[in-house]
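J.: Here it is, the structure in full.
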Amino acid sequence: MKDKSIRIVIFDWLEENFGKMRIFEESPIGKSRCDFYVVTDKLTGFEIKSDADTYERLSSQVKNYDAYFDQNYIVVGEQHKKSVVKKVPDHWGILCVSDEEEGFVVKVIRRAVNNPKVKREKQMSKLWHNELTSIAKKLGTPLYMGQRKQTRIKGIIKHSEDSALLGAICEELFERDYTNYQGDEDD
């Protein structure tokens, strides 16, 4: 199966299984590009390896995904179904999309568990300045107006409880309005 076919099937599966969510496609994460991530009450990254793909860049992709997302999944076609288990860490989930008589089927090979390496600072780098201001106001932290983005992020993290911060990050991304685009993600 090709990436585009896998993506269509997996998006339908996510709608059936994840409930209320928002999907962001082709997002830069460190030196990699995330195929897509899903915002619910956490951020979940998805890397697609179609039957035509190799594992050549996977180790660096895993490192970048682990920095940005609370959970991660690799989505593969039938050809990678057996070999992929040895290619990703145990906390990663594995989904396989296969073409069967009844149509395309998503099989859960392994469910993702919470990623021990996630960094809120990296997640917050996905936010725009106006979203950082909104989070600071909601959480009652200093606003750090006029400061560089990284300085603002570190200050907000320093004055926030982790679960409240994750909830605020998810809320901002879930409600993102592109008519207010700031053009400052990852600056």
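The values are calculated or read from the model by the stated rules, or taken from the named source; none is laboratory data. Remember, it's a predicted structure, so these values are computed and weren't measured experimentally. Cβ atoms come from the backbone with ideal geometry, glycine included; neighbour counts cover every protein chain shown.
J.: When you scan segment 145-177, how many residues do you find that are free of Cβ contacts under 8 Å to residues at least 40 places away in the same chain and either surrounded by 11 or more Cβ atoms within 10 Å (Cβ to Cβ) or outside any helix (DSSP H, G or I) (or both)?
T.: Counting residues in segment 145-177 that are free of Cβ contacts under 8 Å to residues at least 40 places away in the same chain and either surrounded by 11 or more Cβ atoms within 10 Å (Cβ to Cβ) or outside any helix (DSSP H, G or I) (or both) gives 21.
J.: Given V62, V88, V38, which one is modelled with pLDDT of 95 or more, part of a helix (DSSP H, G or I), surrounded by 14 or more Cβ atoms within 10 Å (Cβ to Cβ) and among the hydrophobic types (A, V, I, L, M, F, W, C)? Full working, then the answer.
T.: On the way: V88 fails: part of a helix (DSSP H, G or I); V38 fails: part of a helix (DSSP H, G or I).
Criteria check complete, one pass: V62.
J.: Right, another one. Name the one entry in R57, R33, R7, R22 that is buried (at least 17 other Cβ atoms within 10 Å of the Cβ), out of contact with any Gly (no Cβ under 7 Å at 6 or more places or on another chain) and not aliphatic (A, V, I, L, M).
T.: Testing whether each residue is buried (at least 17 other Cβ atoms within 10 Å of the Cβ), out of contact with any Gly (no Cβ under 7 Å at 6 or more places or on another chain) and not aliphatic (A, V, I, L, M) leaves just R7.
J.: Additional query: If a residue has to be touching a helix residue (DSSP H, G or I) at 6+ places or on another chain (Cβ under 7 Å) and assigned to a helix (DSSP H, G or I) to count, how many in segment 97-139 make the cut?
T.: Result for segment 97-139: 14.
J.: Starting from segment 92-116, take each residue that is over 22 Å from D70 (Cα atoms) and list its partners that are among the small types (G, A, S), counting only C-beta distances under 8 angstrom and pairs at least six apart or across chains.
T.: From segment 92-116, the pairs are V97/S5; V97/G77; S98/G77; F104/S5; F104/S98; V105/S98.
J.: All but one of (1) within 17 Å of the chain's Cα centre (by Cα); (2) within 23 Å of V105 (Cα to Cα); (3) of a type outside the set (K, R) hold for G30; which doesn't?
T.: With (1) within 17 Å of the chain's Cα centre (by Cα); (2) within 23 Å of V105 (Cα to Cα); (3) of a type outside the set (K, R) applied to G30, the lone miss is (2).
J.: Any chance you could count how many residues in segment 41-55 are in a strand (DSSP E or B) and in contact with an Asp or Glu (Cβ under 6 Å, 6 or more places away or on another chain)?
T.: Final tally of qualifying residues: 4.
J.: Checking P142 against (1) free of Cβ contacts under 8 Å to residues at least 24 places away in the same chain; (2) in contact with a His (Cβ under 9 Å, 6 or more places away or on another chain); (3) not in a loop (DSSP other than H, G, I, E, B), which test does it fail?
T.: (3)
J.: Let me ask something else about it. Mind listing whichever residues of segment 101-146 are among the polar types (S, T, N, Q) and either closer than 17 Å to I74 by Cβ or in contact with a Ser or Thr (Cβ under 7 Å, 6 or more places away or on another chain) (or both)? I'd like the intermediate steps shown before the answer.
T.: Quick first cut of segment 101-146, residues among the polar types (S, T, N, Q) only: 114-115, 123, 125, 130, 133-134, 141.
N114, N115, T141 - these are the residues of segment 101-146 that are among the polar types (S, T, N, Q) and either closer than 17 Å to I74 by Cβ or in contact with a Ser or Thr (Cβ under 7 Å, 6 or more places away or on another chain) (or both).
J.: Is there a residue in segment 168-181 that is under 21 Å from A67 (Cβ atoms), outside the structural domain of T44 (by TED's automatic domain parsing) and over 22 Å from the mean Cα position of the chain (by Cα)?
T.: Scanning segment 168-181, I find no residue that is under 21 Å from A67 (Cβ atoms), outside the structural domain of T44 (by TED's automatic domain parsing) and over 22 Å from the mean Cα position of the chain (by Cα), so the answer is no.
J.: Can you tell me which residue is surrounded by the most Cβ atoms within 10 Å (Cβ to Cβ) among those in segment 91-111 that are more than 13 Å from I10 (Cβ to Cβ) and at pLDDT 95 or above?
T.: W92
J.: Also, quick follow-up: So, in segment 118-137, how many residues would count as being among the charged types (D, E, K, R) and surrounded by 15 or more Cβ atoms within 10 Å (Cβ to Cβ)?
T.: At the first step, the residues of segment 118-137 found to be among the charged types (D, E, K, R) are 119-122, 126, 131, 137.
If we keep only those that are surrounded by 15 or more Cβ atoms within 10 Å (Cβ to Cβ) too, we end up with 120, 122, 126, 131.
Selection size over segment 118-137: 4.
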